[in-house]
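The values are calculated or read from the model by the stated rules, or taken from the named source; none is laboratory data. Since this is a predicted model, take the numbers as computed values, not measurements. Reconstructed Cβ throughout: ideal geometry from the backbone, glycine too, with neighbour counts over all protein chains shown. Each accessible area value is taken on the protein alone, full model and side chains, heavy atoms only, with ligands, DNA and RNA left out. Shrake-Rupley method; radii C 1.70, N 1.55, O 1.52, S 1.80 Å.
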Amino acid sequence: QVQLVESGGGLGEPGGSLRLSCAASGISISIATMGWYRQAPGKQRELVARITGGGFTSYAESVKGRFTISRDNAKNTMYLQMNSLKPEDTAVYYCSATWALRTYWGQGTQVTVSS
């Protein structure tokens with residue numbers, strides 16, 4: 001059974017930083033395509049960043065240069081380092097894992113950027 005558990009959300013200040021974690025079980029993140037998505041109130045869920053099994057990364061234009069996706073294969077955990085936070089980054093952030101034509105989701109973690 002695949003489980004993805006996000007942590008690290010909370011309140012951040014504009015210009016500040018937060019780091020999200022996604023601990024995976026039942027799936028190896030080293031071979032899956034892992035991603036971070038977010039959904040703000042009244043908006044559709046959108047892709048924030050993705051890292052493939054081969055280690056290739058991609059980012060939404062809105063977070064390029066500010067967010068960094070990474071993974072620790074030994075811990076089977078993925079991260080999202082978020083710097084230079086903006087109020088528009090406020091959303092529920094979801095971790096995803098795609099393998100063998102199936103996509104799994106975490107329960108989400110709230111990120112609120114406000115002064």
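Taking every DSSP bridge with both residues inside the chain, close to 95 percent are antiparallel. Please give the net charge around M82, taking every other residue with its beta carbon less than 9 angstrom from that of M82, where Lys and Arg add +1 and Asp and Glu add -1. Once all neighbours under 9 Å are counted, the net charge is +1. Each Lys or Arg adds one and each Asp or Glu subtracts one; over the other residues with Cβ under 14 Å from the Cβ of S115, this totals -2.
The string of couplings for the range 91-107 from the Karplus curve (6.51, -1.76, 1.60, θ = phi - 60°) is 4, 8, 9, 10, 9, 9, 9, 10, 7, 6, 6, 10, 10, 10, 10, x, 7 Hz, one whole number per residue in order, with x for Gly and Pro. In the calculated pair-distance distribution of the range 12-70, the portion above 18 angstrom amounts to 43 percent of the Cα-Cα pairs. Computed with the Debye formula from one identical point scatterer per Cα of the range 55-110, without solvent, the log10 of I(q)/I(0) at q = 0.18 Å⁻¹ comes to -0.77.
Surface composition of the range 1-77: carbon plus sulfur atoms hold 47% of the accessible area, using a 1.4 angstrom probe and ignoring ligands, DNA and RNA. Taking θ as phi - 60° and the Karplus parameters 6.51, -1.76 and 1.60, the scalar couplings of the range 3-17 work out to 10, 10, 10, 8, 8, x, x, x, 9, x, 8, x, x, x, 9 Hz in sequence order, x denoting glycine and proline. Residues in the range 44-61 carry Karplus couplings, in order, of 7, 5, 10, 6, 9, 7, 9, 9, 8, x, x, x, 6, 10, 8, 9, 5, 4 Hz; the curve used is 6.51 cos²θ - 1.76 cosθ + 1.60 with θ = phi - 60°, and Gly or Pro positions show x. Under a 5 Å amide H cut-off, with hydrogens placed 1.01 Å from N, G108 pairs with E6, C95 among residues at least 5 apart or on other chains.
Relative to 2.2 N^0.38 Å, what does the C-alpha radius of gyration of the chain come to as a ratio? Two decimals please. Don't skip to the answer; put the middle values down first.
Numbers: Rg = 13.3 Å, N = 115, 2.2 N^0.38 = 13.4 Å.
Computed over Cα atoms of the chain, the ratio equals 0.99.
I'd like to check one number: the per residue accessible area of the chain, probe 1.4 Å, reported in Å² as a whole number. Spell out each step's value before the answer.
Numbers: 6100 Å² over 115 residues.
Each residue of the chain exposes 53 Å² on average to a 1.4 Å probe.
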